[in-house]
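These notes concern the structure reproduced below.
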């Protein structure tokens with residue numbers, strides 16, 4: 001939004017901006033914030049920064065937890081949800097001596113992107129994530145030792161088909177939400193408001209629509225952008241979508257699997273690379289018109305996928321989505337137009353400049369800076385080391401794996417089943433993340449600690465299903 005501090009100060013004076021709100025990202029991918037009055041905005045702030053405690057943000061292995069953050073001028077946008085006019089800026093994290101904090105997620109994404117360009121393989125990376133989420137009317141969570149459970153409600157859901165006074169029908173049946181039209185698409189106006197808000201904040205939207213999940217599942221797909229910029233946009237999208245829902249009396253969840261027996265929400269990532277405006281991934285003679293570089297990139301991602309999941313699927317709920325039968329990919333393979341494979345080559349993207357592939361197992365519980373970086377570092381490792389996906393047993397498989405017999409699926413490798421397995425994979429396969437000093441060993445150790453803590457904590461809680469199955473034994 002701004003190129004100089006002076007430009008930002010003049011804008012605040014002219015537009016009567018009252019506050020500057022600084023967003024800091026933690027290890028899990030959540031924003032925290034600190035706010036100053038606009039008259040405190042001056043050049044010194046961008047040079048010295050503002051101090052904070054880094055250990056409170058999940059960076060557990062840091063010896064020097066006293067840190068400072070500095071604002072990123074070009075990230076600025078006006079917050080549409082607060083009463084007093086407020087300018088938002090993302091931030092970068094430094095040690096107090098001025099040295100850049102090596103585990104700052106935004107810095108990791110910048111390092112990964114710069115490293116990939118330094119290889120000479122590509123000078124333009126484009127990523128296009130698809131954002132799936134549910135719009136709900138309300139959510140209630142009980143977590144007392146003697147009384148626990150979750151109650152969700154959605155005006156869209158088929159369980160609201162009862163004959164209560166005022167019910168006008170037109171509810172969406174389970175798994176029947178894909179592209180439903182009015183009057184079934186009751187969230188159309190709200191989704192339009194969300195998309196308008198995104199475009200007002202420099203996020204171009206490709207399209208939006210209702211998704212498969214009956215109780216109000218939606219999808220917004222944005223235009224492609226670079227690794228760092230699409231990471232920034234991911235944070236803005238989640239912020240804007242959630243708060244616009246709240247403003248309209250609804251609530252949004254990006255959880256991978258909020259409903260048992262319904263479609264889960266992923267965050268598929270389309271990947272393309274160019275060199276001097278020429279497509280790196282196209283070859284009219286290759287499988288599905290894919291170049292050797294594209295296939296090697298696919299090989300790298302599939303080889304490292306169990307480790308990548310430490311950053312692209314970093315929640316216990318991620319693995320409630322990754323089960324057969326719900327269009328969620330669980331098989332380590334690739335194929336043309338194959339939605340049951342971890343990597344799908346879209347059949348409709350045939351033009352040379354459009355040729356790409358899609359990583360389908362990731363979800364929005366990821367820290368986007370870490371997740372996108374892990375995917376792309378695996379891809380570039382595959383190209384550098386010529387990791388052929390076919391020679392490594394990853395396909396191609398063009399048939400629907402869910403419809404295969406058990407014997408036909410026998411030799412198809414599977415994704416890890418839980419966070420503990422993911423941690424085991426990361427412990428033995430992390431060197432590709434260190435390329436270009438992108439990831440630090442500290443952040444890998446922090447992530448391992450975080451994932452194991454989640455795994456054991458969630459596993460220690462009884463569930464309603466266990467009472468149903470075991471109470472009378």
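Readers should treat all values here as calculations from the given coordinates under stated rules, not as data from a laboratory. Bear in mind the structure is a predicted one, so any value in this text is a computation, not a measurement. All Cβ positions, glycine included, derive from the backbone under ideal geometry; neighbour counts span all protein chains shown.
Residue 40 to residue 99: extension gain in nm, 0.36 nm per residue of separation minus the Cα-Cα distance? Let's see the in-between values first.
Numbers: separation 59, 0.36 × 59 = 21.24 nm, distance 2.39 nm.
Taking 0.36 nm per residue and subtracting the Cα distance, the gain is 18.8 nm.
Taking 0.36 nm per intervening residue step and subtracting the Cα-Cα distance, what contour gain separates residue 464 from residue 47 on full extension? Could the numbers behind the result be given before it?
Working: separation 417, 0.36 × 417 = 150.12 nm, distance 5.37 nm.
Extra length available between residue 464 and residue 47 comes to 144.8 nm.
Can you work out the FRET efficiency for the pair residue 209 and residue 408, with r the C-beta to C-beta distance and R0 = 35 Å, to the nearest 0.05?
Details: r = 33 Å, r/R0 = 0.95.
Between residue 209 and residue 408 the formula returns 0.60.
Taking just the alpha-carbon atoms of region 271-348, what radius of gyration and Dmax come out, in angstrom?
That works out to 14.2, 42 Å for Rg and Dmax.
Taking Cα pairs under 8 Å and at least six residues apart, what relative contact order does region 273-402 come out at, in percent?
Working: 240 pairs, mean separation 43.7, N = 130.
Normalised by residue count, the contact order of region 273-402 is 34 percent.
Could I have the simple spin-label model distance between residue 84 and residue 292, label points 7 Å from Cα toward Cβ, reported in nm to one decimal?
It is 6.2 nm.
Taking every pair of distinct Cα atoms and averaging 1/r, then inverting, what Kirkwood hydrodynamic radius in Å comes out for region 344-398? Write down the numbers at each step before the final one.
Working: mean 1/r = 0.0755 Å⁻¹.
Evaluated on region 344-398, it is 13.2 Å.
Put one equal scatterer on each alpha carbon of region 71-174, apply the Debye formula with no solvent term, and list log10 I(q)/I(0) at q = 0.24 1/Å to two decimals.
-1.26
Set the Förster radius R0 to 51 Å, insert the Cβ-Cβ distance between residue 223 and residue 473 as r into 1/(1 + (r/R0)^6), and round the FRET efficiency to 0.05.
Numbers: r = 55 Å, r/R0 = 1.08.
The computed FRET efficiency comes out at 0.40.
In the calculated pair distance distribution of the chain, what percentage of Cα-Cα distances lie above 41 Å? Please report the intermediate quantities before stating the final value.
On the way: 21527 of 111628 pairs.
Pairs farther apart than 41 Å: 19 percent.
With label points built 7 Å along Cα→Cβ from the Cα atoms of residue 33 and residue 1, find their separation and express it in nm.
Once both label points are built, they end up 1.1 nm from each other.
On a full-extension model of 0.36 nm per residue, what is the gain between residue 392 and residue 354, subtracting their alpha-carbon distance, rounded to one decimal in nm? Kindly include the intermediate steps, with their values, before the conclusion.
Working: separation 38, 0.36 × 38 = 13.68 nm, distance 2.65 nm.
Separation in residues times 0.36 nm, less the Cα-Cα distance, equals 11.0 nm.
Based on alpha-carbon centroids, what's the gap between region 354-369 and region 124-202 in Å, whole number please?
So the separation of the two Cα centres works out to 22 Å.
Could you give the radius of gyration (one decimal) and Dmax (whole number) of the Cα atoms in region 5-101, in Å?
13.8, 44
Over the chain, what relative contact order in percent results from Cα pairs under 8 Å that are six or more residues apart?
Values: 930 pairs, mean separation 71.2, N = 473.
Here the relative contact order equals 15 percent.
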